[in-house]
Amino acid sequence: MKLATVRLDDHRTAAVRVEGDQLVEVGHTDVGAVLAAPGGLRAAATADGPRHALAGADLAPVVPRPGKVVCVGLNYRNHIKEMGRDLPGHPTLFAKFADTLIGAGDDIRRPAETEQFDWEAELAVVIGRPVRRADEEQAVAAIAGFTVLNDITCRDWQFRTREWLQGKNWDSTTPFGPFLVTADETGPRPALDVRCEVDGRVMQSDNTGDLLFDPVDLVRYVSTMVRLNPGDVIATGTPGGVGHARKPPVFLKGGELVVTEIETLGRLANRVVGEGE
């Protein structure tokens with residue numbers, strides 16, 4: 001099953017189920033509310049409501065206000081090598097705030113304060129039930145499904161200090177969606193092709209099977225520290241090909257179209273604009 005959050009003409013949002021070329025409202029304001037409701041995904045699978053065309057739909061971030069977005073750095077083996085680092089023994093974690101998230105076709109707002117605006121295509125895990133200190137079976141059961149995220153980063157701010165948060169949390173910079181594809185369609189450890197293009201040039205191309213810590217590992221690890229709730233997100237890290245690691249480095253200046261795509265999960269297409277545009 002595929003779910004999305006759509007913006008409608010009457011200034012509301014609705015959680016919808018994708019059926020062919022149609023979107024079917026399932027009775028909640030967004031996908032996060034679906035996951036938190038009694039019945040959750042089971043109820044959404046059979047709910048029937050108003051229908052809308054998928055073509056031209058204005059898709060919001062698939063979970064617009066997650067309680068937590070936990071991000072993982074240095075999690076693809078080839079990306080770790082291109083950054084000149086050793087394979088870590090534990091996941092490298094940082095947080096992202098909901099204010100950074102934008103929809104599948106929204107503009108990426110490039111801050112005037114950065115000269116090193118970079119892309120990071122990522123598989124995102126969406127949590128479907130509360131879990132704490134998960135074992136293997138509990139971690140698998142807690143994964144509602146997967147979606148696409150691009151952790152657009154201000155590298156010059158990221159590397160000002162040893163802590164990365166200030167490079168990762170700029171307003172309206174993080175495309176997230178277009179759909180939540182439920183884990184029954186992908187399995188809990190999907191091996192899917194991931195790709196990022198900038199103005200038609202392929203910058204990243206890999207497979208999520210190269211993850212050092214896979215989605216189940218990450219749910220177990222993060223839930224040891226903090227309870228994960230329905231709608232929470234884990235961004236699993238980016239493969240090689242980021243602009244910062246290129247020789248010479250390549251960064252987003254403004255005007256570029258950034259396309260982020262993961263096999264089965266969908267495609268984000270976002271134009272880079274200045275904050276005042």
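For segment 87-143, which residues satisfy the criterion of being of a type in the set (Ser, Thr, Tyr) and more than 13 Å from LEU218 (Cβ to Cβ)? Within segment 87-143, THR100, THR114 meet the criteria.
So which residues in segment 18-55 are β-branched (Val, Ile, Thr), surrounded by 15 or more Cβ atoms within 10 Å (Cβ to Cβ) and outside any loop (DSSP other than H, G, I, E, B)? The answer is VAL18, VAL24, VAL31, VAL34.
It is to be established whether one or more residues within segment 151-166 are modelled with pLDDT of 95 or more and within 15 Å of VAL233 (Cα to Cα). Yes, there is a match, as at least one residue in segment 151-166 is modelled with pLDDT of 95 or more and within 15 Å of VAL233 (Cα to Cα). Filtered by the rule that a residue be closer than 19 Å to GLU122 by Cβ and at pLDDT below 95, segment 28-74 gives GLY73, LEU74. Inside segment 229-253, residues that are farther than 15 Å from SER205 by Cβ and in a loop (DSSP other than H, G, I, E, B) make up a count of 13.
The condition of being more than 18 Å from the chain's Cα centre (by Cα) and aliphatic (A, V, I, L, M) holds for only one of VAL233, VAL226, that being VAL226. Helices (runs of 4 or more DSSP H) fully within segment 139-228 that include at least 1 residues being touching a residue at least 12 places away in the same chain (Cβ under 8 Å) and aromatic (Phe, Trp, Tyr): 155-158, 215-225.
Determine whether LEU87 is in contact (Cβ under 8 Å) with a residue 24 or more places away in the chain, assigned to a helix (DSSP H, G or I) and either among the basic types (Lys, Arg) or over 20 Å from GLN158 (Cβ atoms) (or both). Give the steps one after another, and end with the answer.
Numbers: in contact (Cβ under 8 Å) with a residue 24 or more places away in the chain: yes; assigned to a helix (DSSP H, G or I): no; either among the basic types (Lys, Arg) or over 20 Å from GLN158 (Cβ atoms) (or both): yes.
When the stated conditions are applied, LEU87 does not pass them.
The values are calculated or read from the model by the stated rules, or taken from the named source; none is laboratory data. Keep in mind it's a predicted model, so treat the numbers as computed, not measured. Neighbour counts are summed over all protein chains in view; Cβ atoms, including those assigned to glycine, are modelled from backbone coordinates with ideal geometry.
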